[in-house]
Structures are given as C-alpha cells and as structure tokens.
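Following: one structure in structure tokens, then a few remarks.
Taken together, the values in this text are just the output of simple stated rules run on the coordinates, not laboratory data. Every value quoted in this text rests on a predicted model; they were computed, and no experiment measured them. Virtual Cβ from ideal backbone geometry, glycine too; neighbours counted across all protein chains shown.
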Amino acid sequence: MRTRLLSMVWFLVALLVFGLGIPLALSVAGAEQQRMFLDRLTDTTRFASMAQRPLTDDRPESLREELQRYGQLYGIDVVVVDQDGNPAVSSGRADGPVPINLTDPDVHDRLNAALAGRRAEAGPLLLPWDDRTMVLAGPVLVDGEVRGAVVSVSPTDRSRDRMLWWWLLIGAGGVLAFGLALLLAVPVIQWILRPVRRLDEATGSLVAAVVSGRDAERVGGDRGPPELRKLGRSFDRMAASVGDTLAAQRAFVADASHQLRNPLTALKLRLVNLEGHVDAEADDHRVAAAAEADRLNRILDELLAMARAESASGELVPVDVDEVVAERVADWQVVAASRDVALGTVGQVGDIRALAPPRGLDGILDALLDNALKFTGPGSAVEISLAADAERVRLAVRDHGPGLRADELERATDRFWRSHAHQNVPGSGLGLAIVSRIVAKAGGELRLDLPAGGGLRVAVDLPADPA
C-alpha cells in the first residue's frame, strides 16, 4: 500500500510538473523567438526605410557600406531587391556572390510576400534542436507603392542556446519538485499508514492472544488521520469484547464442570447404595445408570481440563522432557499392566528441555497415553519416542490399535468428534482437542499419521529451550 500511495503521489506530481513545465518551456521558446523577431524586424524596417531614396533614384550601391558594416558586426546577411525581385545591393562584397540564396523555398516565399506588400512574420516556433535560420522580408514602400524589398537571414545559435539553458533550468526545477514531493510524501504516507500497520499487526496477533488468554495488543488512537484513529479505537473495543466473551465462556465451562461434580458424585453414591435393594430386572438399569454416571464424570473431567488449557497463562516455561515422560510413564504403567499392554520409551535420551505452558506437557502426555491405551488391545504395545534438535523437541506416542482412516486425520482434533468405528469405546472426544490447544499455546505443531504396521501415531513438536 505504501508503494501504491507513493506511486499515486509521484503520478500527480508528474502531471503537475509536465502540465506546467511543458507550457512554460514552450512559452520561453516563444518569448525568445519573439524577442529575436522584433529585434530583426526593427533592423529590417530601418533598412527598408533607408532603401526608399536609393531605389527611387536608382542608386542602391549607396547602401552597400551600411549593409556590410551591419553584416560584419552582427553576422547577419542582408539583401535589398528591386520590385522585380532582382538583387540590387547586399551585405556581401561588391564583386562577390549574393550572400542569400533567393531561390531557397523559404526565402522565396517570404520575398514574394514582401513584394506583395505584406509585412514580415516570425514563422514557426523555433526550438533548441531546430538549426534553421530566421528569414525576414519587408517591403520597401514609397508613397504606398512597393519599390522593392529587404531580406535578412539571421543565425539562431544564440537564441537556441538561451532556450536550452532555460529548458535545463525548468527540467532541474521539475526534478527538484519530484525530490521535494518524495521528501514530503514519505513522512505523510507513514503517518497515514502507521495505524493501518498497527491494525494489521494487532489483527494477526488477536487470535493467538485470545486463545492464549492474554490481553489483545492495543492499536491505540493517538496517531494518524482521525478516521483511522477512530477505527483503531473501535478495534480495541472489539478485541476487548471478544477477549471478555471468551474468558466468560471458559469460566462458565470450568465453573459448570466443577459444580456438576458434587451432584454427580452424590448420584453415583446413591446408585451404589441401591445395590442389593432392587430386584434383578431393575438392577440392570441401575448398573447402566452407574455406567452413564461414570461416563458423565469423565466428560466433566475432560471439560475441566479443556477449560484449564484454554485459560492457562500464555507464558512458556522450560520443561525437562525426560523427567516428565518418566513420571507419566510410571503413573500409567499400572493402567497399561492391567490391560496387558507394554508401555515404554524409545529414541533419544538425555538432557532434553522444551518450552511449554505450566503443566502443559503433563496434560499432553496424559491425554495421548489415555487415548493410546484405550484403543490398544491386550498383548500389544504403546511406544513413546523422543527426538530433539537445536530448535524443536518432538514427542510422539504410537499405539497399535485400529487407527483411523486417512480422511479422518484432519477431524481427529475437533471437540467431541469420534470416529464411527470407535463409538463403542469409552470417551468424549476431547483428548486430542486438549492436546491441540496446549500445543497451539506453546507455538508448536501437532501431526497425526498412520505408521506401517497399523495403529496411530500422534507427534507433538514443541520449541526447544534455548538456554
């Protein structure tokens, strides 16, 4: 946009410079030609007046000395002709040729016009690159009768040089105008575009700020045109409103999940207490109700985990990945052993540190291991692999369960989404959604793929700790 605005300014300045400069240059050329024409017309008229008596008395040679001095002093050739167009006297030598070619078309036309009694004219506009001479022809009138004509041919070098210098000066003024336009336009355009740039930066960071629970970056309205300042203030109000709405939504989910746990626990206790107090036919319904209560309890736990993940601070802290992985594997070994699933780690070991939200890596591993053990059959294995380089730490959990179809991988991180093939497996479909939210807060990347041999591999890339 900055380039387009500068182009528009330069285009307008170019129109102004050329719109004023070209007429001014032509006016200068016309004024210089007019000055030269008037000067030569005065001399031609004077010689025509001086030639009246010599042509009447048939003594034109009396003018030769005056014409020769004029030609030597100014370098202008002059010829006096009689009424038949024949040369009578010139500024050249008496025994030499006539210095003006009277048969030249331009000279001939002007001479005929003068013999017809018409006055001299300036001719076409003279330009700096035009090397033609200025030809003037004036009639010699005696009592209103044309007795001859005076023809002068003047070089135009000096006039064209003056025109050229004037044109160069006008061109330099145009270049100076372009330079001044650039110097003035750049700060003005920056002043105009500064709030636009701030709006662009704030818009780009708005989603990340709202998702991470941080306050959105303020655009402010203290600089720029009034309309853009007003737009910036409106954006700040909108961003604050969006942040407050999402914060209220997260708070509601967290509060609702927490508050529902107490009546749900009481309901489970009542269902347990009914054991042995209902008949056999009704006991099946009691057991099903207890199972649904357990399922509802797991959903509330995951909703609470999701709310905590969304409302967690956006600040990232260094995490010792090895220690967290070893701790979570030890805690989940009991679940793995109860399901006859081998749980272990492979790949790189050592001092691996990553940046993640507080307790974020724990939540990632809990969700991934819960999913992996849930879908892995007895006698199989769940593997946790680690790899790291200077910029990234990759943590991957691979199971040997039924996996997903290739077209389902993109939807697997949606909230409450379950594959049609897994509808009979306990769960709410929030595990990968929680992982995706935590990874996004850390500025990492989540990828799902189908490894050879079946199952599903979920890989999480987190930024490495530079320290």
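Laid out as a table, the results:
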{"item": "Rg over Rh [alpha-carbon atoms, Kirkwood Rh] for the range 315-467", "result": "0.95"}
{"item": "Neighbour-count ranking [beta-carbon atoms within 10 angstrom, fewest first] of 191, 332", "result": "191, 332"}
{"item": "Per-residue HN-Hα couplings for the range 158-175 [Karplus 6.51, -1.76, 1.60; θ = phi - 60°; Hz; x = Gly/Pro]", "result": "5, 5, 5, 5, 5, 4, 4, 5, 4, 5, 5, 5, 5, x, 5, x, x, 4"}
{"item": "Length-normalised contact order for the range 1-89 - Cα pairs under 8 Å, 6+ apart - percent", "result": "15"}
{"item": "Extension gain (nm, one decimal) between residue 146 and residue 264, 0.36 nm per residue minus Cα-Cα", "result": "29.5 nm"}
{"item": "Extension gain (nm, one decimal) between residue 62 and residue 194, 0.36 nm per residue minus Cα-Cα", "result": "39.2 nm"}
{"item": "Residue 7 versus residue 86: modelled label distance in nm, points set 7 Å from Cα along the beta carbon direction", "result": "7.3"}
{"item": "Residue 339 paired with residue 164, simple spin-label distance in nm, labels 7 Å along Cα-to-beta-carbon", "result": "9.4"}
{"item": "Kirkwood-Stokes translational diffusion coefficient of the range 2-163, alpha-carbon pairs, 25 °C, 0.890 mPa s, µm²/s", "result": "140"}
{"item": "Table column - 3J(HN,Hα) (Hz), the range 70-86, Karplus curve with 6.51, -1.76, 1.60, x for Gly and Pro", "result": "4, x, 5, 6, 10, x, 10, 7, 10, 9, 10, 10, 7, 6, 8, x, 8"}
{"item": "Residues with amide H under 5 Å from that of residue 444, placed H, sequence gap 5 or more", "result": "none"}
{"item": "³J(HN,Hα), Karplus 6.51/-1.76/1.60, whole Hz, each residue of the range 267-279, x for Gly, Pro", "result": "5, 5, 5, 5, 5, 5, 5, 6, 4, x, 10, 10, 6"}
{"item": "Nearest-0.05 FRET efficiency for residue 317 and residue 237, computed from C-beta distance (R0 30 Å)", "result": "0.40"}
